[in-house]
Amino acid sequence: GLRHNRKKTAALWIGTKVGSDFLLLPEKGFKWPRNKVKALGVWLSTDPDITISQNYNDKLEKINTILGCWKFRRLSLLGKITVLKSLLASQLVYILSPLQTNREELKEINSTFYNFLWSNKGDKIKRNIIINGYSEEGLKMIDIDSFNKSFKSCWIKKYLGNFFST
């Protein structure tokens, strides 16, 4: 059956109690960290800057680790784009959807993607061309900005859908 795992449970004060030393239900043995907790793989903090930087830094580190395994393989451009879209873009879905956008981190992720694509030798095809579909002479490379905006627009659609349905 389902049970509450008290050893893994962490609680974080929000609102006026942020930074409080008061422990609610001390007999339960909950952890009460002062500034951040990790829930379902996403760091949550009372400081939005910590939330954003921690999550993006973790993902950038993971992206670089994955790219380290693939950069010495002799892949075609389409092979590299497939790696970027299937293995790396999927890593970003979970943090891009709910979290506030950090433009600097997105730029760094985008440059990491293109450095992998062109083996750190500079772009050979303009970025606005390579993201096009095959019929427009592109290679369907992922555009991080569009990828991010699509997740944000889904939230708007869900919000407005709930607003108008009630």
Within the stretch 88-131, the count of residues that are at pLDDT 90 or above, of a type outside the set (S, T, N, Q) and closer than 30 Å to D47 by Cα comes to 5
Could you grab me the full set of residues in the stretch 112-160 that are part of a helix (DSSP H, G or I), surrounded by 10 or more Cβ atoms within 10 Å (Cβ to Cβ), among the hydrophobic types (A, V, I, L, M, F, W, C) and free of Cβ contacts under 8 Å to residues at least 24 places away in the same chain? I129, I130, L160
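The values are calculated or read from the model by the stated rules, or taken from the named source; none is laboratory data. Not measured: the values here are computed from a predicted model. Heads up, the Cβs are rebuilt from the backbone with ideal geometry, glycines too, and the neighbour counts pull from every protein chain shown.
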